[in-house]
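Trainee: Pasting a structure below so you can have a look.
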Amino acid sequence: MKNIVEINGLAKHYFRKKALDQLNLTIEEGKVVGILGPNGSGKTTLIKILTGLLRQTGGEVRIGGYKVGVATKSIVSYLPDRNFLYKWMRIKDALKLYQDFYEDFDEKKFEALLDFMKLEKDMKIDTLSKGMHEKLNLSLVLARDAKLYILDEPIAGVDPVARDQILDAIIGNFRENSSMIITTHLVRDMESILDEVVFLKDGRIVLAGNAEQLREEKGKQIDTIYKEVFGA
Ligand SMILES: Nc1ncnc2c1ncn2[C@@H]1O[C@H](COP(=O)(O)OP(=O)(O)OP(=O)(O)O)[C@@H](O)[C@H]1O
C-alpha cells in the first residue's frame, strides 16, 4: 500500500511553546485516520502545516511525494474548522467559486450532496444554521476528486441528526483510492468511521494504530481508551 502522507520529526514552536514535538506519522492510501486529542493538543497546528497555512519549525512533511506547496494544494481538499464563505453568497455562488478554483470539482457530485443534505442552490449563506453551514462546507469539500481530504472538526457544534447526516455523507462519498484525515474530540460519534486513530497529547503522539486492532487488544471502544488516556 502506498503512503499518501509521510511526516518525519515534525516540530512547531510558538515562541517557547512546543505545539508539535518530533511527530512521526505515515498515512496509507485508502485510510480514514482520526487525529484525536483535547483542546490544545496540537490538532489544528498539524492540519495547518499539512495544508500549507503554517510553516513548521522543523522536520519534514510529504503529501503524495511532494513537499507542502502548490502541488499538494491541488490534491488536498480541506474543510477548515470555521466558515470560509462570504455572507452575501448564495449556495450557487459558492458552487461557482469552487468550480473556478478547483479543476477537480465535480458539479454533479456536489448537486447530489446538496440533495442529500436537503440544501438548495438558491439558499443564502447568511440564513443558514450552523448545522446547515457545516453540511454545505462539507459538500463543497467532498465534491472535489482529491487524493487527501482533511476535515477539521466536521461535527463540532451540530445537532445529532445533522451529525448522522454528515457522517453518512462522509462514508458514502469516500473514494477508495483517496485518504482522509479527521480531527475530533467527539470520539464516540466518530469512531465507527475511522480505520486508524492517532492520539495527540501536548504535541506528541501517545498512541496510534488500527482502530479495530486497538479495540480487540484492549477490549474497549476507542472512546473509552480516549477517556483513559486523556482523563476526560
Ligand atoms: N498562534 C499561536 N501562538 C501561540 N501559541 C499557540 C498559537 N496557536 C496555538 N498555540 C498553542 O499551541 C498548542 C496547540 O494548539 P492547537 O490549536 O494546535 O490545538 P488543538 O488541538 O487544535 O486545540 P483545539 O481543539 O482547541 O482547536 C496550544 O497550547 C495553543 O495554546
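What follows is calculated from the coordinates using simple rules that are stated; it is not laboratory data. Please read all numbers here as calculations on a predicted model, not as lab measurements. Neighbour counts are summed over all protein chains in view; Cβ atoms, including those assigned to glycine, are modelled from backbone coordinates with ideal geometry.
Trainee: When both residues are 6+ apart or on different chains and their Cβ atoms are under 6 Å apart, which pairs have a first residue that lies in the stretch 20-47 and is closer than 19 Å to residue 78 by Cβ and in contact (Cβ under 8 Å) with a residue 40 or more places away in the chain, and a second that is assigned to a helix (DSSP H, G or I) and of a type in the set (D, E, K, R)?
Mentor: Pairs that qualify, where the first residue is closer than 19 Å to residue 78 by Cβ and in contact (Cβ under 8 Å) with a residue 40 or more places away in the chain and the partner is assigned to a helix (DSSP H, G or I) and of a type in the set (D, E, K, R), are 35/43; 37/43.
Trainee: Let me ask something else about it. Condition first: crowded, with 16+ Cβ neighbours inside 10 Å, within 16 Å of the ligand (Cβ to nearest atom) and under 15 Å from the mean Cα position of the chain (by Cα). Can you find one or more residues in the stretch 173-181 that meet it?
Mentor: There is at least one residue in the stretch 173-181 that is crowded, with 16+ Cβ neighbours inside 10 Å, within 16 Å of the ligand (Cβ to nearest atom) and under 15 Å from the mean Cα position of the chain (by Cα).
Trainee: Restricting to the stretch 12-30, count the residues that are more than 10 Å from the ligand (Cβ to nearest atom) and farther than 24 Å from residue 228 by Cβ. Spell out how you get there, then give the answer.
Mentor: Here is the first cut: in the stretch 12-30, the residues more than 10 Å from the ligand (Cβ to nearest atom) are 21-30.
Right, trim to farther than 24 Å from residue 228 by Cβ and you get 26-30.
Residues that pass the stated criteria total 5.
Trainee: Restricted to the stretch 200-223, and to residues that are under 19 Å from the mean Cα position of the chain (by Cα) and more than 14 Å from residue 26 (Cα to Cα), which residue is farthest from the ligand (Cβ to nearest atom)?
Mentor: Going through the qualifying residues, I end up with 211.
Trainee: How many of the residues in the stretch 70-96 are touching an Asp or Glu at 6+ places or on another chain (Cβ under 8 Å) and within 16 Å of the ligand (Cβ to nearest atom)?
Mentor: 4
Trainee: Let me ask you something else. Among the strands (runs of 3 or more DSSP E) lying completely within the stretch 149-228, list those that include at least 1 residues that are closer than 30 Å to residue 128 by Cα. Before the answer, list the steps.
Mentor: Values: elements: 179-184, 196-201, 204-210.
Correct list: 179-184.
Trainee: Okay, moving on. List every residue pair whose Cβ atoms lie under 6 Å apart, where the two residues are 6 or more positions apart in sequence or sit on different chains, the first residue falls within the stretch 152-178 and is among the basic types (Lys, Arg), and the second residue, located anywhere, is surrounded by 12 or more Cβ atoms within 10 Å (Cβ to Cβ) and assigned to a helix (DSSP H, G or I).
Mentor: 163/189
Trainee: Something else about it: If I ask for residues that are within 13 Å of the ligand (Cβ to nearest atom) and touching a helix residue (DSSP H, G or I) at 6+ places or on another chain (Cβ under 7 Å), which ones from the stretch 35-55 would you list?
Mentor: Of everything in the stretch 35-55, those that are within 13 Å of the ligand (Cβ to nearest atom) and touching a helix residue (DSSP H, G or I) at 6+ places or on another chain (Cβ under 7 Å) turn out to be 35, 36, 37, 38, 54.
Trainee: Another question, then. Any idea how many residues of the stretch 1-11 are within 15 Å of the ligand (Cβ to nearest atom) and within 17 Å of residue 72 (Cβ to Cβ)? Full working, then the answer.
Mentor: The first filter runs over the stretch 1-11 and keeps only residues within 15 Å of the ligand (Cβ to nearest atom), leaving 7, 10-11.
After this cut, where a residue has to be within 17 Å of residue 72 (Cβ to Cβ) as well, the list is 7, 10.
Looking only at that region, the number is 2.
Trainee: May I pose another question? Taking the options 107, 134, 120, 103, name whichever one is surrounded by 21 or more Cβ atoms within 10 Å (Cβ to Cβ) and acidic (Asp, Glu).
Mentor: Details: 107 fails: surrounded by 21 or more Cβ atoms within 10 Å (Cβ to Cβ); 120 fails: surrounded by 21 or more Cβ atoms within 10 Å (Cβ to Cβ); 103 fails: surrounded by 21 or more Cβ atoms within 10 Å (Cβ to Cβ).
None of the others qualify; the one that does is 134.
Trainee: Among the residues of the stretch 182-192, which ones are within 16 Å of the ligand (Cβ to nearest atom) and in contact (Cβ under 8 Å) with a residue 60 or more places away in the chain?
Mentor: 182, 183, 184, 185, 187, 190
Trainee: Now a separate question. State yes or no: is residue 113 closer than 16 Å to residue 163 by Cα, in contact with a helix residue (DSSP H, G or I) (Cβ under 9 Å, 6 or more places away or on another chain) and of a type outside the set (Asp, Glu)? Break it down into steps so the answer makes sense when it comes.
Mentor: Numbers: closer than 16 Å to residue 163 by Cα: yes; in contact with a helix residue (DSSP H, G or I) (Cβ under 9 Å, 6 or more places away or on another chain): yes; of a type outside the set (Asp, Glu): yes.
Here the answer is yes, as residue 113 does meet what is asked.
Trainee: Filter the stretch 193-224 down to the residues that are free of Cβ contacts under 8 Å to residues at least 24 places away in the same chain and more than 28 Å from residue 14 (Cβ to Cβ) and list them by number.
Mentor: Step one: list which residues in the stretch 193-224 are free of Cβ contacts under 8 Å to residues at least 24 places away in the same chain, which gives 206-207, 209-210, 212-220, 224.
Within the stretch 193-224, 209, 210, 212, 213, 214, 215, 216, 217, 218, 219, 220, 224 qualify.
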